[in-house]
Amino acid sequence: MNLPKPIHPFPARMAPELALRAIEELEPLSTILDPMMGSGTVVRVAAEAGHRAIGQDIDPLAVLMTRVWTVPINPQQLRIAARELVNEACELSPERIKLPWIDDDAETAAFSVYWFAEEQRQHLRQLSSCLRWRDDVIGDALRVALSRIIITKNRGASLAHDVSHSRPHKVAQTNTYRVFEGFLESVNRLACRLEEEPPRGWVDVAHGDARATSIDAQTVDAVITSPPYLNAIDYIRGHRLALIWFGYRLRDLCAIRQCSIGAERAPEHISDPELLDEIFRILKIPPDFPQRERRILARYVTDLDAMLREVHRVLKCGGIAVFVIGNSYIRLHQGLVIY
């Protein structure tokens with residue numbers, strides 16, 4: 001089986017070889033769930049292998065890119081739609097454009113001004129206005145192509161570098177990037193990738209929280225996923241530079257960020273205090289451990305407990321769960337290392 005190439009940058013994506021190794025052990029036509037799908041590697045590989053793949057994520061951009069990567073699309077229609085979109089955008093008078101989630105929200109408007117120079121911001125507004133009402137698979141693919149010119153390592157439509165690593169930092173006050181030309185090139189690259197490696201199989205991709213999915217109990221043969229670490233990458237930090245052009249206010253994205261697994265905030269509710277005490281004992285957390293770090297760790301343990309309970313609920317009797325993890329070391333207090 002040829003391993004598919006990704007269609008969009010994503011930090012610390014799961015290696016497709018790892019997903020394939022786990023999937024190869026399953027019976028044919030199994031139902032496979034990745035409740036924290038990120039870039040969609042498990043979903044795409046599972047579908048390619050002939051399984052029924054379900055993917056969910058709390059990050060709207062992860063849902064968007066996975067849907068485009070796993071749903072059949074006509075690449076030539078995508079190219080035609082992109083040219084029509086640019087022509088329509090170019091004809092739009094800037095004074096007639098209204099993006100309520102930006103224009104009526106001071107915080108989001110200021111964010112767009114800070115991260116995008118005037119010319120690029122105007123062209124993105126034109127494209128966003130034309131894309132606003134398109135909710136089909138072609139529209140999703142056009143949004144992914146637009147995101148690709150924003151979520152970049154170096155030069156792109158924003159004034160930032162390292163956006164693709166979710167560590168955006170502003171490096172300039174001006175920008176000569178040509179948004180319309182870059183967008184059309186991005187669409188062509190995306191169309192070529194989908195032509196070379198067309199998606200196939202059965203997939204169900206949706207926005208969802210791994211701690212409380214809408215999936216029926218005991219309906220999944222295997223859960224294959226890579227959970228966030230305690231020092232998790234803040235995906236929304238970089239992705240919001242693209243998502244504000246797709247109808248999201250900054251406050252909406254901050255709310256998603258704050259409720260994500262691994263968020264650095266205190267838990268709203270501890271469902272199992274005894275479990276938390278046991279974890280702290282195993283980790284040898286001292287009595288003088290700082291309260292802020294104690295609350296963050298408590299939140300992480302509580303979130304993982306909820307996620308594991310949900311995995312147990314949706315798995316069939318005899319089903320399997322595979323968690324792909326790497327080493328993660330955090331020095332927290334007086335030399336204490338959690339890993």
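Observations on the structure shown:
- Crossing angle, helix 118-131 versus the chain [Cα axis fit, 0-90 degrees, rounded to tens]: 80
- In the chain, a dipole from Cβ-located charges (positive for Lys and Arg, negative for Asp and Glu) runs towards its positive end, and of L29, C259, H51 it is C259 whose Cα lies farthest in that direction.
- Each of Q291 and T174 was given a label point 7 Å from its Cα along the Cα-to-Cβ line. The distance between the two points is 5.1 nm.
- Ordering of 196-204, 69-77, 285-293 by packing is 69-77, 196-204, 285-293, highest average first (other Cβ atoms within 10 Å, averaged per residue).
- Volume per residue that the Cα convex hull of the chain spans, once the total is divided by residue count, Å³: 147
- Rounded FRET efficiency, nearest 0.05, which uses the C-beta distance separating N2 from A106 and R0 of 51 Å: 0.55
- Global form of the range 87-242, assessed from the alpha-carbon gyration tensor, a/c cut-off 1.5: prolate
- Ranked I138, I54, I236, criterion: other C-beta atoms within 10 Å, fewest first: I138, I236, I54
- Residue list for the range 63-80, given a label point 7 angstrom along the Cα-to-Cβ vector of H207 and an amide N cut-off under 11 Å: 63-64
- Least to most buried among I80, I282 (fewest other Cβ within 10 Å first): I282, I80
- Modelled spin labels at D277 and E25, positioned 7 Å past Cα toward Cβ, are 3.5 nm from each other.
- Potential extension, A255-L92 segment - 0.36 nm per residue separation minus Cα distance: 55.4 nm
- With contributions of -39500 (n - 2.57) from each DSSP H run of at least four residues, the per-residue ellipticity at 222 nm computed over the chain stands at -14000 deg cm²/dmol.
- Ordering T152, T176, T219, T225 from the fewest to the most neighbouring beta carbons within 10 Å gives T176, T219, T152, T225.
- Calculated FRET efficiency for the pair E181/Y114, C-beta based, R₀ 22 Å, to 0.05: 0.35
Every read-out reported here was derived from the displayed coordinates using simple, explicitly stated rules and does not represent laboratory data. Bear in mind that the values here come from a model prediction, so they are computed numbers and not experimental data. Quick reminder, even Gly has a Cβ in these numbers, built from the backbone with ideal geometry, and neighbours come from all protein chains shown.
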